[in-house]
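The values are calculated or read from the model by the stated rules, or taken from the named source; none is laboratory data. Since we're looking at a predicted model, the values are computed, not measured. Cβ atoms come from the backbone with ideal geometry, glycine included; neighbour counts cover every protein chain shown. Surface areas here come from the heavy atoms of the whole protein model, side chains and all, with no ligands, DNA or RNA. Shrake-Rupley method; radii C 1.70, N 1.55, O 1.52, S 1.80 Å.
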Amino acid sequence: MAKSSASFACQACGAVHSKWSGRCDACGGWNTIVEEGVGPPLGGDGRKRARGRQFALEDLKTDDEHPPRRATGIGEFDRVCGGGVVPGSALLVGGDPGIGKSTLILQAMAAYAKAGGRAVYISGEEAMAQVRLRAARMELAEAPVALGSATCVEDILATLEAGPPPGIVAIDSILTIWTSALEAAPGTIAQVRTASFDLVRYAKSTGAAVILVGHVTKDGQIAGPKAVEHLVDAVLYFEGERGHHFRLLRAVKNRFGPTDEIGVFEMTGKGLAEVPNPSALFLGDRSSLSPGTAVFAGIEGTRPLLMEIQALVAATGYGTPRRAVVGWDTGRLAMILAVLDARGGLGLSGHDVYLNVAGGLRIGEPAADLAAAAALISSIHGRALPKDSVFFGEISLSGDIRPAPQAELRLREAAKLGFSRAIVPAGTKMDGGGMRLSEVVDIAELLTLIGHPRAVPGRARMES
Ligand code: TYD
Ligand code: MG
């Protein structure tokens with residue numbers, strides 16, 4: 001019997017199935033399975049394989065200290081890459097449609113070209129005229145970027161191989177690129193995987209750095225994620241809230257540099273502007289402080305970042321109390337509320353609780369617990385926290401405040417931005433710097449310190 005020449009791949013997770021079904025067994029997604037043609041069989045079907053060629057095995061030792069870098073000149077972009085893109089590497093830049101990926105990449109390519117590098121920008125989504133219009137609006141039309149509009153990977157490779165070797169090639173976006181070797185439609189997992197593989201191989205064999213632009217699906221995954229993420233050396237996400245004017249570039253995987261590094265940009269009419277001092281941007285106007293706001297001295301990647309946490313506690317109108325969180329983890333809020341109840345005597349079962357991280361940021365650090373608790377207490381109490389204070393520290397279920405890493409870095413950033421006092425876990429040290437440290441051991445001490453009328457000093461320890 002002839003073997004079926006079709007296979008079915010899930011477009012969300014990349015799992016391959018032998019027959020179509022409405023739901024993918026691997027990831028549980030509905031309507032994500034699409035029929036894709038398969039290439040010629042790679043052995044395993046009884047046919048004789050070609051005999052492999054030998055290759056030399058070598059030492060781990062190397063004389064090269066660091067991989068050389070190609071800086072684009074956009075400082076925030078280079079830093080997230082670990083100091084510039086590495087020759088021969090492939091980089092995936094993902095983000096929601098319309099977030100500004102094409103703008104960022106065009107700016108990076110223009111900056112690189114202006115500095116004397118050979119930058120090639122291949123647009124698969126926009127026509128040449130559209131890219132030129134964008135460049136004109138951003139006043140980059142004079143930059144010597146080699147621009148092309150193509151979607152077939154064979155055409156792209158033939159064009160690249162015919163010209164002088166590029167330093168950086170950007171492909172915007174990988175979802176539009178297809179190879180004539182496959183019958184599947186462009187944008188399917190098989191096409192994206194094969195085209196990406198060809199481009200990555202091109203990077204490795206010529207030393208050009210390849211930047212692939214991708215899209216993120218609604219649930220936050222780069223479309224065709226499994227297909228591309230493991231092929232590339234670094235994955236950067238470009239993110240931000242639509243209504244806000246700043247954007248974050250975040251490294252989530254980087255074989256040649258730190259992950260969790262962020263770059264901050266501000267959107268302007270002329271493209272993205274770098275924000276070298278993001279704390280000031282996220283804090284906003286602090287001349288009048290209302291109850292329920294606390295400043296968290298956080299760390300994003302290797303950089304300290306001050307963020308404002310806002311809380312609102314209001315009596316529930318009817319039914320089940322609401323808990324709504326923007327920019328933080330809902331489970332974490334539930335935990336803080338439980339600890340405030342059990343260890344601090346602040347029962348909020350009859351109250352709605354809202355928590356928001358200002359500026360559309362998202363906090364992942366547990367060290368934000370103390371600031372969130374302070375914001376909640378301040379809102380319950382209706383009294384603003386002292387406006388010269390920052391908070392950080394993790395809260396444990398016992399109500400104890402646990403130390404946070406890189407305390408010194410957080411405190412220096414706070415001092416730089418004019419704060420003079422920090423409410424911190426016990427044992428936090430700072431050499432000089434002019435910050436007054438108020439150490440808190442547990443939730444009860446926090447309540448006493450920020451002057452909550454119902455605070456009962458020592459109660460937490462009596463109960464636990
Ligand atoms: P675009 O770069 O096309 O987004 P993506 O490639 O991620 O889909 O940007 C979307 C729109 O926003 C586009 O019309 C240009 C506009 N924009 C600005 O006007 N200023 C900016 O700084 C940025 C980043 C975008
Ligand atoms: Mg785009």
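At a glance:
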{"read-out": "Residue pairs meeting the criteria (Cβ under 6 Å; at least 6 apart or on separate chains; first over 23 Å from Val440 (Cα atoms), in region 348-371; second part of a helix (DSSP H, G or I) and open to solvent by 50 Å² or more (accessible area, probe 1.4 Å))", "value": "none"}
{"read-out": "Residue check, Gly319 in contact with a Gly (Cβ under 7 Å, 6 or more places away or on another chain), modelled with pLDDT under 95 and at positive phi", "value": "no"}
{"read-out": "Boolean, Ser89 is small (Gly, Ala, Ser), within 25 Å of Arg255 (Cβ to Cβ) and either within 16 Å of ligand 1 (Cβ to nearest atom) or in contact (Cβ under 8 Å) with a residue 40 or more places away in the chain (or both)", "value": "yes"}
{"read-out": "Residues of region 176-215 classified as within 16 Å of ligand 1 (Cβ to nearest atom) and surrounded by fewer than 24 Cβ atoms within 10 Å (Cβ to Cβ), total", "value": "3"}
{"read-out": "Residue, nearest to Glu394 (Cα to Cα), within region 334-348, restricted to residues that are open to solvent by 30 Å² or more (accessible area, probe 1.4 Å) and in a helix (DSSP H, G or I)", "value": "Met335"}
{"read-out": "Cβ pairs under 8 Å, 6+ apart, first in region 149-177 and under 20 Å from Gly207 (Cα atoms) and hydroxyl-bearing (Ser, Thr, Tyr), second assigned to a loop (DSSP other than H, G, I, E, B) and open to solvent by 10 Å² or more (accessible area, probe 1.4 Å)", "value": "Thr159/Ala150"}
{"read-out": "Meets criteria (within 30 Å of Ala384 (Cα to Cα), in the same structural domain as Gly88 (by TED's automatic domain parsing) and at pLDDT 85 or above) for Val264", "value": "yes"}
{"read-out": "Residue in region 298-317 that is within 30 Å of the chain's Cα centre (by Cα), hydroxyl-bearing (Ser, Thr, Tyr) and in a helix (DSSP H, G or I) present", "value": "no"}
{"read-out": "Condition check for Ile156: within 13 Å of ligand 1 (Cβ to nearest atom) and open to solvent by less than 30 Å² (accessible area, probe 1.4 Å)", "value": "no"}
{"read-out": "Answer from Ala129, Ala143, Ala108, Ala113 - the residue that is within 26 Å of the chain's Cα centre (by Cα) and away from ligand 2 (no atom under 13 Å from the Cβ)", "value": "Ala108"}
{"read-out": "Per-region count, region 356-381, residues within 17 Å of Phe282 (Cα to Cα), open to solvent by less than 10 Å² (accessible area, probe 1.4 Å) and either in a helix (DSSP H, G or I) or touching a helix residue (DSSP H, G or I) at 6+ places or on another chain (Cβ under 8 Å) (or both)", "value": "5"}
